[in-house]
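Scroll down for the structure; my scribbles are underneath it.
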Protein chains: 2
Amino acid sequence: MTTRTVISDPADPRLDDVRDLNHSDSRPDLPGGKGLVVAEGPLVVGRLLESRYPVRAIVGFKNKLDSFLDSIDASLVEGIPVYEVSRELLAEVAGFDMHRGLLATADRTEEASVAQVLENARTVVVLEGVGDHENIGSMFRNAAGMGVDAILFGNGCADPLYRRVVRVSMGHVLRLPFAHLEGTYTTWQRSLEQLKEAGFHLVSLTPDPEAEHLEDALAGKDKVALLVGAEGPGLTEHAMRATDVRARIPMAPGTDSLNLATSAAIAFYERDRSQR
Amino acid sequence: MTTRTVISDPADPRLDDVRDLNHSDSRPDLPGGKGLVVAEGPLVVGRLLESRYPVRAIVGFKNKLDSFLDSIDASLVEGIPVYEVSRELLAEVAGFDMHRGLLATADRTEEASVAQVLENARTVVVLEGVGDHENIGSMFRNAAGMGVDAILFGNGCADPLYRRVVRVSMGHVLRLPFAHLEGTYTTWQRSLEQLKEAGFHLVSLTPDPEAEHLEDALAGKDKVALLVGAEGPGLTEHAMRATDVRARIPMAPGTDSLNLATSAAIAFYERDRSQR
């Protein structure tokens, strides 16, 4: 049974989860960060409700709540408070106009261990130094769509549960397993040993024209871990040395390297193709 | 010989090209549209100078002009007026802060004909209904990087010379040949006949799971035209019927289709791979 409450006072503490929304999704260890998981729009709110994150509240405009609650299995929202607000009120509380008119917040949960996400995985991505939320979001969207089993974070990556990542990933960051590898800028690469021990063939993606063609690098491999570095600097030499092979996507001379989420999507395609 | 002029009056008519910049790049047939080609930042301004578009002026902050003019072949800027402005002045004239501090404007030129861009081309992309500037920009960037020879526009696409497209394409829209196919929503598909007559194998990209695997659709083909539709609706049935084959990128069940620039990049990769 869901109880819907109409709220018309912007100071109502039941709206604290969505107050000053540009800050409340920051990591709990950062100033002002509440560390909440925030989902926006019916598709992503639906995926949050189906995820392992315990949902705290659903907030929305009357018409958006009506159609959303009509469209889902009622058991998904059982016991979750639903707050109905006007567009003006939500804009005032959140700090900007939320034209989608539907939000849900959840608590973070303890992250899975690397061993847990590697169990039963055959294709994983490992990111290093990827600080751009949009790139991380696209990576999750593409990985989920193209049969990648998990994403692992090496040193220097942005928070995957940041609101913008949740949105760009279309909620797939809430479904696809991920975990963080331990270590600093120069030491995290040692934790790649775990992947080797689990039988993964480690492949660095690089624009280096001396590297192997992606097709050759992936041909006939059982388990594969694809390493992707930040746009611009790419993977550190430390990271590439810890892998089995350096693979390139052929590029026309005199052009720029591809966006990293695009490069990774091409590698996901080739990985799938190589197993046909 | 280049003459650099310092301008300190925001009303100076020599700055009219960059005045109210959020509007001046609109197509000449739209209200307020001057139809200029606008390049931002040293990389893209350099590509504009090397392009077929006649450059009208270069505008920038002192330090940005110094380093840019030092870095390029002086003959590229011969006879082109260079206007030095402060950051504050440029922000006032352009209507927003231009942190890159370097701009160039050019006139549009007559577009190439379809026959001209098909000459010597072996791989082309045909877009239908793609109204998103960012997608068009990414398409040019990826096409240039991955050996595609030209982009053709079917009905309903956004203007490829819009400022945002120029920026997102990293200036490749100024280099890669493009042309528009004639016709309306329901008739433009007939102009695909031109491509068939020129020997192109026409391939529709679709998420339809009944379609052929992309690898099979492209195997052993000489000339290929890849058709890509808008995100969401995809290609019209009309357009797909005019092609030789419908091709899909395999997707995991229950996931969303890929971003269209990403799908196209995967097709460019497969096209290149199929010719190894």
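Residue-wise test of (1) under 30 Å from A:Val44 (Cβ atoms); (2) within 14 Å of another protein chain (Cβ to nearest Cβ); (3) modelled with pLDDT under 95.
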residue	(1), (2), (3)
A:Tyr162	yes, no, yes
A:Val173	yes, yes, no
A:His180	yes, no, no
A:Glu197	no, no, no
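When A:Ala112, A:Ala57, A:Ala91, A:Ala11 are screened for being in contact (Cβ under 8 Å) with a residue 60 or more places away in the chain, among the small types (Gly, Ala, Ser) and on the phi < 0 side of the Ramachandran plot, only A:Ala112 passes. Checking every residue in the range B:38-57 against the condition of being buried (at least 16 other Cβ atoms within 10 Å of the Cβ), part of a loop (DSSP other than H, G, I, E, B) and either in contact with a Gly (Cβ under 7 Å, 6 or more places away or on another chain) or among the charged types (D, E, K, R) (or both) gives zero matches.
Results for (1) open to solvent by less than 50 Å² (accessible area, probe 1.4 Å); (2) free of Cβ contacts under 8 Å to residues at least 12 places away in the same chain; (3) not aliphatic (A, V, I, L, M), shown as yes or no for each residue.
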| residue | (1), (2), (3) |
| --- | --- |
| A:Ala104 | yes, no, no |
| A:Gln116 | no, no, yes |
| A:Glu119 | no, yes, yes |
| A:Met139 | yes, no, no |
| A:Val173 | yes, no, no |
| A:Phe178 | yes, no, yes |
| A:Gly183 | yes, no, yes |
| A:Trp188 | yes, no, yes |
| A:Ser204 | yes, no, yes |
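Which one is farthest from B:Asn142 (Cα to Cα), of the residues in the range B:248-276 that are part of a helix (DSSP H, G or I) and more than 10 Å from chain A (Cβ to nearest Cβ)? Looking at the filtered set, the residue picked out is B:Ser274.
Looking across the range A:160-190, the residues that are out of contact with any Phe, Trp or Tyr (no Cβ under 8 Å at 6 or more places or on another chain) and of a type in the set (Gly, Ala, Ser) come down to A:Gly171, A:Gly183.
Here B:Leu205, B:Leu227, B:Leu218, B:Leu214 are screened, and the one residue that is more than 14 Å from chain A (Cβ to nearest Cβ) and at pLDDT 95 or above is B:Leu227. When the range A:81-96 is limited to residues that are closer than 19 Å to A:Arg163 by Cβ and β-branched (Val, Ile, Thr), the one that is surrounded by the fewest Cβ atoms within 10 Å (Cβ to Cβ) turns out to be A:Val93.
The set of residues in the range A:114-138 that are of a type in the set (A, V, I, L, M), touching a Ser or Thr at 6+ places or on another chain (Cβ under 8 Å) and more than 21 Å from A:Thr187 (Cβ to Cβ) contains only A:Ile136.
For the range B:192-202, name all the residues that are open to solvent by 20 Å² or more (accessible area, probe 1.4 Å) and in contact (Cβ under 8 Å) with a residue 60 or more places away in the chain. If you could, list the steps in order and put the result at the bottom.
The first filter runs over the range B:192-202 and keeps only residues open to solvent by 20 Å² or more (accessible area, probe 1.4 Å), leaving B:193-194, B:196-199, B:201.
Those that are open to solvent by 20 Å² or more (accessible area, probe 1.4 Å) and in contact (Cβ under 8 Å) with a residue 60 or more places away in the chain: B:Gln194, B:Ala198.
Residues of the range A:231-247 include none that is touching a His at 6+ places or on another chain (Cβ under 7 Å), part of a loop (DSSP other than H, G, I, E, B) and open to solvent by less than 60 Å² (accessible area, probe 1.4 Å).
The values are calculated or read from the model by the stated rules, or taken from the named source; none is laboratory data. Quick caveat, the model's predicted, so the values are computed rather than measured. When we count neighbours, we look across all protein chains shown, and the Cβ atoms used for this are built from the backbone with ideal geometry, even at glycine. All accessible areas refer to the heavy atoms of the entire protein, side chains included, with ligands and DNA or RNA removed. Shrake-Rupley method; radii C 1.70, N 1.55, O 1.52, S 1.80 Å.
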